[in-house]
Amino acid sequence: MASKQTGPLSRAIAAREAARGRSSRSAEPPEGRDLGPDADPESVARKILLDQLTGRARSRADLAKKLAQKNVPDEIAVRLLDRFEQVGLVDDAAFSREWVAQRQSGKGLAKRALAQELRRKGIADDTARAALDDVDPDDEVEAARMLVRRKLRSVQGLDRDKAVRRLVGMLARKGHSSSVAFRIVKEELDVELDPDLD
């Protein structure tokens, strides 16, 4: 078993190492931390906005909410959001058109569901209406038809009434009207049961 040295030389070495450790800690920031001057709130807010806009477009309301979560003062947030709108980095109309196109084709959502989503995103009603005007009713019907076709396999073993309820419910959750939903489901179930009708 080794014994600790407690002589004057070992105490001096220990003191010198301790002093080096203290001085190096005070002279250099801890690893991974930048202890430079505090950034001004406007720079922080600008970085937050640019980070948020890097992956995809966002609505002004979403960006304002993010800035508020990060405790950016309101006057700075409004000024920066206005500036970002002026240069075209924040554009609720373009965001709405893109959102509608993606969600309508990808998820098969109808205008009613898209309008609710845009409202939750903080888009003004007139801006949302303009974006929703681009949705072709025939595309909506075709999207509903594709949703029903994808879901048909999961209702094959059920009796017709139960299958109709499930499929119409699924279309209703996607924002399709009951008249469109019942018509599409009936047509697709008729084709599924008697393929010669197609």
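Here are a few things to note about the model shown:
- Test set (1) at pLDDT 90 or above; (2) surrounded by fewer than 16 Cβ atoms within 10 Å (Cβ to Cβ); (3) within 30 Å of Ala172 (Cα to Cα); (4) of a type outside the set (Val, Ile, Thr) - Ala113 fails condition number: (2)
- Any hit, the range 104-114, residues being under 30 Å from Arg150 (Cβ atoms), among the aliphatic types (A, V, I, L, M) and part of a helix (DSSP H, G or I): yes
Quick grid of which residues meet (1) more than 18 Å from Glu98 (Cβ to Cβ); (2) basic (Lys, Arg); (3) assigned by TED's automatic domain parsing to the domain that holds Val100:
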site: Gly122; (1), (2), (3): no, no, yes
site: Leu152; (1), (2), (3): yes, no, no
site: Gly157; (1), (2), (3): yes, no, no
site: Arg165; (1), (2), (3): yes, yes, no
site: Val168; (1), (2), (3): yes, no, no
site: Leu189; (1), (2), (3): yes, no, no
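- Among (1) surrounded by 19 or more Cβ atoms within 10 Å (Cβ to Cβ); (2) free of Cβ contacts under 8 Å to residues at least 60 places away in the same chain; (3) within 30 Å of Ala45 (Cβ to Cβ), the one test that Met170 misses: (3)
The values are calculated or read from the model by the stated rules, or taken from the named source; none is laboratory data. Nothing here was measured: the structure is a model prediction, and the numbers come from that model. Virtual Cβ from ideal backbone geometry, glycine too; neighbours counted across all protein chains shown.
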